[in-house]
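What follows draws every value from the coordinates through simple rules; no lab data is involved. As the structure is a prediction and not an experimental result, all values here were calculated from the model. Reconstructed Cβ throughout: ideal geometry from the backbone, glycine too, with neighbour counts over all protein chains shown.
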Amino acid sequence: MDERHTPAIGERAPDFAVADSTGAIRRLDDLIKGGICVVVFYRGHW
Amino acid sequence: MADYSDHLEGFRAAGAELAAISVDDAARTEPVRRELGIKFPLLCDTGRVAVKAYGLLNTRENGGIAFPAAFVIDREWLVRFRALEEVASRVSVEQLLELVRELGSGDAEPRAKPRKHGVFPGLMFLRAGMNALRHGVRVPYK
């Protein structure tokens with residue numbers, strides 16, 4: 001893990017545009033429109 | 001992910017949206033999403049774009065997967081909480097939900113109704129400080 005690139009508390013979160021499992025593009029910009037977004041990174045299903 | 005799914009309504013009631021990211025493709029992820037009945041987006045970062053942007057690419061496993069982590073991001077794009085499982089114990093969904101509720105009470109819904117702001121900013125800084133100690137923030141707070 002490269003913590004130099006991992007946003008710390010108080011820092012700006014990097015935007016992303018990634019397709020979800022249904023094919024819809026999801027941007028952080030859209031996800032935080034409701035107010036708060038909890039972004040979870042997980043290892044995967046294997 | 002089932003844990004998060006169980007608490008989805010709580011997060012949404014607190015004004016928060018959930019999104020989960022792995023490097024698995026849609027063919028692998030969508031059946032799991034359906035099986036578990038997950039109603040928040042599971043992002044398929046096969047290009048490792050988001051994983052790299054957040055400094056979470058674990059190149060030692062399976063051609064590069066995500067280190068487990070969780071971030072709470074507010075409407076100003078600021079990280080209000082982070083849990084990095086490589087350097088700290090796993091954060092529980094209940095802990096995250098509690099934090100989101102506090103944030104929601106403080107500033108997530110400024111249009112809804114005026115609230116007393118006296119207590120919450122103080123709690124935020126206290127919590128941020130505690131997390132800095134716990135998780136070792138290396139970049140100075142600006």
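Taking the square roots of 5 times each eigenvalue of the Cα gyration tensor of chain A, largest first, gives ellipsoid semi-axes of 20, 17, 10 Å.
Please give the length that would be gained between B:V49 and B:R12 if that part of the chain were fully extended, namely 0.36 nm times their separation in residues minus their C-alpha to C-alpha distance (nm, one decimal).
On the way: separation 37, 0.36 × 37 = 13.32 nm, distance 2.64 nm.
The B:V49-B:R12 span can extend by a further 10.7 nm.
Across the residues of B:36-48, average count of Cβ atoms on other protein chains within 10 Å? All intermediate terms of the calculation are to be shown ahead of the outcome.
Details: counts 0, 0, 1, 0, 4, 9, 7, 13, 8, 5, 2, 2, 1.
Mean shielding count: 4.
What's the average, rounded to a whole number, of partner chain beta-carbon atoms within 10 Å of each residue's beta-carbon in B:60-73? Mind showing how you got there, number by number?
Working: counts 0, 3, 3, 0, 0, 5, 6, 6, 4, 6, 5, 10, 6, 11.
If you average over the peptide's residues, the count of other-chain Cβ atoms is 5.
Using the Cβ-Cβ distance between B:L78 and B:R34 with R0 = 45 Å, the FRET efficiency computed as 1/(1 + (r/R0)^6) comes to roughly 0.85.
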